[in-house]
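The values are calculated or read from the model by the stated rules, or taken from the named source; none is laboratory data. As the structure is a computational prediction, the values presented were derived from the model and not from experiment. Positions of Cβ are generated from backbone atoms using ideal geometry, with glycine treated the same way; all protein chains shown enter the neighbour counts. Accessible surface areas use protein heavy atoms only, side chains included; no ligands, DNA or RNA. Shrake-Rupley method; radii C 1.70, N 1.55, O 1.52, S 1.80 Å.
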Amino acid sequence: MASWKTFIELPGINTDEYLLVAAKTVTDLGWEIHFISDHGLIAGIPLSVRANSWGETFTLWLNNGGAYLESRSNGAVIATKRNQQYVERFLSLFEESRVRMSAGEREQLQARIAEVKASGDDDILDQLSPKFRNPSSNRKWYMPKGEFGVTASLIGICVVLFLLMVMDGVSLFSPGIDALIKWGANARFLTIVDGEWWRLFTCMFEHIGVIHLLVNMVSLYMIGTLLEPLIGKWRFLSAFIVTGVGGSIASIIWNPFVVSAGASGAIFGLFGLMLALLSTNLIEKNVRNTILPNIGTIVVINLIAGFRPGVDYAAHIGGLLTGIALGYLFFLLIRKSKQPVFLSIIGSVLIGILIIMSGYRALDNVGTDFQRIVQHASKYEKQGLNFYKDMEKAGDLKVIKYLGEETIPAWEIYQKEIAKLDALKLPPELQAVRDLYKEYADLRVKYFKLLRKAMKEDSNEYNNQLNSYGRAIEAIIARINKGE
């Protein structure tokens, strides 16, 4: 996270007086004091799109006969110049606030400091406190540690995986379907039909081109720097995984023929979780009122944008709804439980299991059985099509032998596998597709048997019939690909 800091000598007043004036200045600027003690104060700058603020944190730390002043970004925008402007605004208003501070305001601020002392809470600006974190030290926003460790680590995993894909020859901007599948993309015919359930998880870290990666990583950084410090690293990690799985399940339910990848489902889930928490009293009212409209607007805009062609909108909606459910669970456990972190993780796991079981039940139907049979038969289809590759430069005798021993038997097995669709009680739309597959299988067998006969007889008599079979096969393939 970006920050800007400076050290100043106190302007001819003692530390107690300086702190009171500083608190008055912060209040005059419209910032909210989150913490104040003898050693300084911490204030929040309200999140506001209109004011071009992402909810920065202002820290004043009294030490070494002066004051360290720092403004630090809490959102996705790395804006050092903006943070410098906040510190300069504080300094420019300081003298004016000093003159305008009334006796009543002074008493209120002194009472506030006394209240913090009496509470017994750790003074995070006191060097002797176990929770002290030196405000004068330089902290690098991109290092995977501290309160944003999980966010930085998840971004790192996605970036490293993408670099490995590119090094393996995958296109930087438009990866092919085969490459996506190789690196763990999600698709019903693999995830469900072939039982590769691990794809529900791996697809979260894979991205379809560098633009897709950049957009998702900026979004993850934005929500991560807001949410991870609020709920803790373990809840945040479990939420990312569970909502990502929720999005993956939704994708294969609603988009059965789509190969999908990306962290979008999990990111929408984190936004959904944040929206759920913002609708509770876990977060202070004034903070909720500031953040909620902006987060809500971002979610709505991205949901609408997600309905563009080629975007996996189902994963977005599935992740969002999972995140909302998880957010309310976290709220209840944080408020009521003596072991909120442990139980939150257990709750996340249980929700994840429930999602997977629900997805399996939703997909354990005749449509999945249909796909399973077609997927199994496709292995023999691929074997039968190897004829065009293996026999390209072979002599006639070798081709005739290959047709009789390899190609035709493969297509006859394919024909028998497709015939198993007759045993399923299919709805009308799948009955039509079944008939196409059966006709396709019959034509393939007829074509290659006739081709072998023509080659054995060394005759051109069957050319018209072969061409007719070929055109019919191409027409059926086109109809199947269109989902007719």
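Computed values, structure above
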quantity	calculated
Region 248-265 residues that are at positive phi, paired with ones that are assigned to a loop (DSSP other than H, G, I, E, B) and among the aliphatic types (A, V, I, L, M) (beta carbon under 7 Å, 6 or more apart)	Gly262/Ile208
Check on Ile317, within 28 Å of Ile208 (Cβ to Cβ), modelled with pLDDT of 80 or more, open to solvent by 30 Å² or more (accessible area, probe 1.4 Å) and assigned to a helix (DSSP H, G or I)	yes
Of all residues in region 60-71 being polar (S, T, N, Q) and either surrounded by fewer than 21 Cβ atoms within 10 Å (Cβ to Cβ) or at pLDDT below 85 (or both), the one that is nearest to Leu128 (Cα to Cα)	Asn63
Pairs, first at pLDDT 70 or above in region 112-128, second exposed (fewer than 11 other Cβ atoms within 10 Å of the Cβ), C-beta under 9 Å, six or more apart	Asp123/Lys131; Ile124/Lys131
Check on Glu412, within 23 Å of Asn481 (Cα to Cα) and of a type outside the set (Phe, Trp, Tyr)	yes
Members of region 167-205 found to be in a helix (DSSP H, G or I), touching a residue at least 40 places away in the same chain (Cβ under 8 Å) and open to solvent by 10 Å² or more (accessible area, probe 1.4 Å), listed by number	Ile177, Ile181, Arg188, Phe189, Arg199, Phe201, Phe205
Conditions (1) at pLDDT 80 or above; (2) closer than 26 Å to Lys182 by Cα; number of the one not met by Thr322	(2)
The lone exception for Ala394 - which of (1) of a type outside the set (D, E, K, R); (2) open to solvent by less than 40 Å² (accessible area, probe 1.4 Å); (3) part of a helix (DSSP H, G or I) it fails	(3)
Region 457-468, subset modelled with pLDDT under 90 and either in contact with a Lys or Arg (Cβ under 9 Å, 6 or more places away or on another chain) or among the hydroxyl-bearing types (Ser, Thr, Tyr) (or both), residue nearest to Glu439 (Cα to Cα)	Tyr462
In region 361-382, residue least open to solvent (accessible area, probe 1.4 Å) [restricted to those that are of a type in the set (A, V, I, L, M) and at pLDDT 80 or above]	Ala377
Failed item in (1) part of a loop (DSSP other than H, G, I, E, B); (2) exposed (fewer than 14 other Cβ atoms within 10 Å of the Cβ), with Leu426 passing the rest	(2)
Test result for Glu439, under 47 Å from the mean Cα position of the chain (by Cα), modelled with pLDDT under 90, under 25 Å from Phe370 (Cα atoms) and open to solvent by 60 Å² or more (accessible area, probe 1.4 Å)	no
Hey, Ile208 touching a residue at least 12 places away in the same chain (Cβ under 8 Å) and within 25 Å of Ala239 (Cα to Cα) or not	yes
Only listed residue being assigned to a helix (DSSP H, G or I), of a type outside the set (D, E, K, R) and more than 22 Å from Ile192 (Cα to Cα), chosen from Ile477, Ile418	Ile477
Residue among Ile252, Ile223 that alone is open to solvent by less than 20 Å² (accessible area, probe 1.4 Å), modelled with pLDDT under 85 and part of a helix (DSSP H, G or I)	Ile252
Residue that is farthest from Pro229 (Cα to Cα), among those in region 11-31 that are open to solvent by 30 Å² or more (accessible area, probe 1.4 Å) and touching a Phe, Trp or Tyr at 6+ places or on another chain (Cβ under 9 Å)	Pro11
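One line per residue, one yes/no per condition, for (1) at pLDDT 90 or above; (2) within 27 Å of Pro229 (Cα to Cα):
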site: His34; (1), (2): no, yes
site: Asp38; (1), (2): no, yes
site: Gly44; (1), (2): no, yes
site: Arg50; (1), (2): no, yes
site: Ser73; (1), (2): no, yes
site: Thr80; (1), (2): no, yes
site: Asn83; (1), (2): no, yes
site: Leu93; (1), (2): yes, no
site: Arg100; (1), (2): no, no
